[in-house]
Amino acid sequence: NGDFVDSRDCQIYKTVTIGTQIWMAQNLNYKKAKSHCLDIDRDENRSQYELYLWRDAMDACPSGWRLPSDADWNTLIDAVGGSSFAGKVLKSSTGWFGYGNGTDEYGFSAIPNDILGLPKKGHNAVFWSATEDLEDYALAMYLLYYTDNAKLASLSKNSNYLVRCIKGDSPKIDKRKMVEAEPITDERDGHIYKTVKIGTQTWMAGNL
């Protein structure tokens, strides 16, 4: 679709239409107070991007763009062939570890990010969604070097991940369809666990 100029800092982003959606074809690189800048060499191009806490990611996109919801991500995944194949065609054709490079057939160009504190290079790309999952978690779409899959997972809001903006109105916090149930106390050690009802099941909402 050409380029978009972020009026806040004059950075230029490529954009791409996939199905009915218009996406930035690059990771957001707008500096916020608690974001972390990474410099990544990709072939002849040197690009920068930021990793954001979820709260910062919610309003990081420029005017006219927004953080995608889980429904937006699933629409994208369906448009490129489904979850078992989407990773292959959304990943960039260079930069992934081992044999993990994609075909980048749609121009989405998902480059891997290196999660802060881990010495891994080219292993994954994790993108925030605007969909909240209980109090301390939100959904994120992730791609991995060793699989063609593209999936959403519930991750801590206090983690730093990528932002890829989609064209549309400003984001609203989207609650995942879960119902919190009564907390339980483990009588063995007194530890209290939150619980959640999903369908007909009741689960602990935290690890044992």
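The values are calculated or read from the model by the stated rules, or taken from the named source; none is laboratory data. Since this is a predicted model, take the numbers as computed values, not measurements. Neighbour counts are summed over all protein chains in view; Cβ atoms, including those assigned to glycine, are modelled from backbone coordinates with ideal geometry. For accessibility, only protein heavy atoms count, side chains too; no ligands or nucleic acids. Shrake-Rupley method; radii C 1.70, N 1.55, O 1.52, S 1.80 Å.
General remarks:
- Among the residues of region 84-110, those identified as open to solvent by 50 Å² or more (accessible area, probe 1.4 Å) and either in contact with a Pro (Cβ under 8 Å, 6 or more places away or on another chain) or not in a loop (DSSP other than H, G, I, E, B) (or both) are 88, 97.
The rows are residues; the columns are (1) modelled with pLDDT under 95; (2) part of a loop (DSSP other than H, G, I, E, B); (3) farther than 16 Å from residue 126 by Cα.
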{"position": "16", "(1), (2), (3)": "no, no, yes"}
{"position": "22", "(1), (2), (3)": "no, no, yes"}
{"position": "68", "(1), (2), (3)": "no, yes, no"}
{"position": "82", "(1), (2), (3)": "no, yes, yes"}
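- For region 73-80, the count of residues that are surrounded by fewer than 20 Cβ atoms within 10 Å (Cβ to Cβ), of a type in the set (Ser, Thr, Tyr) and in contact with a helix residue (DSSP H, G or I) (Cβ under 6 Å, 6 or more places away or on another chain) is zero.
- Matching residues, region 184-204, being out of contact with any Pro (no Cβ under 9 Å at 6 or more places or on another chain) and touching a residue at least 40 places away in the same chain (Cβ under 8 Å): 196
- Members of region 139-153 that are crowded, with 19+ Cβ neighbours inside 10 Å and more than 10 Å from the chain's Cα centre (by Cα): 144, 145, 148, 150
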